[in-house]
Amino acid sequence: QVQPVESGGGLVQAGGSLRLSCAASGSIASINAMSWYRQAPGKQREFVALITSDGRTIYAEVVKGRFTISRDNAKNTMYLQMNALKPEDTAVYYCAIPLPHTTEWGQGTQVTVSS
């Protein structure tokens, strides 16, 4: 079982940057699509970005051009570089790792963007 642990969240001013990490407890080399999601207070969890095992990426329209997803299979870690942050990016950010019969979610990391 591969367990993800997110880190890197914090408080940042609008226009600033943060880099989130998702460290997996096991190898991610054979895992295809790994994703970032976020959930703002009072809202449903929403898709942010996805990266496949061969490096293809998909982004939500609201973050396209500002966020960059990447992965380092040697370190069993996925990243989310977030630039030009906006107050509406404030949320708990989760990484999701698909496994054969389930999806493993991390505990989340809080990102707060002040105006």
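The values are calculated or read from the model by the stated rules, or taken from the named source; none is laboratory data. Just so it is clear, the structure is predicted and the values come from calculations on it, not from any experiment. Every residue, glycine as well, gets a Cβ built from its backbone with ideal geometry; the counts of neighbours run over all protein chains shown. To get the accessible areas, we keep the full protein, side chains included, count just its heavy atoms, and leave off ligands, DNA and RNA. Shrake-Rupley method; radii C 1.70, N 1.55, O 1.52, S 1.80 Å.
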Would you mind stating whether GLN110 is touching a Leu at 6+ places or on another chain (Cβ under 9 Å) and exposed (fewer than 14 other Cβ atoms within 10 Å of the Cβ)?
yes
First in region 14-27 and farther than 17 Å from ALA96 by Cβ and in contact (Cβ under 8 Å) with a residue 60 or more places away in the chain, second anywhere and among the polar types (S, T, N, Q) and not in a loop (DSSP other than H, G, I, E, B), Cβ under 7 Å, 6 or more apart:
ALA14/SER114; ARG19/GLN81
If you go through region 38-71, how many residues are in a strand (DSSP E or B) and either aliphatic (A, V, I, L, M) or in contact (Cβ under 8 Å) with a residue 60 or more places away in the chain (or both)?
8
All positions within region 1-36 that are in contact with a Leu (Cβ under 9 Å, 6 or more places away or on another chain), assigned to a strand (DSSP E or B), open to solvent by less than 50 Å² (accessible area, probe 1.4 Å) and more than 16 Å from SER53 (Cα to Cα):
GLU6, GLY10, VAL12, LEU18, LEU20, SER21
Is it the case that region 54-69 has a residue that's over 20 Å from SER17 (Cβ atoms), surrounded by fewer than 16 Cβ atoms within 10 Å (Cβ to Cβ) and among the hydrophobic types (A, V, I, L, M, F, W, C)?
yes
Subset of region 72-105 [free of Cβ contacts under 8 Å to residues at least 60 places away in the same chain, closer than 28 Å to ALA14 by Cβ and either open to solvent by 40 Å² or more (accessible area, probe 1.4 Å) or of a type in the set (S, T, N, Q) (or both)]:
THR77, GLU88, THR90
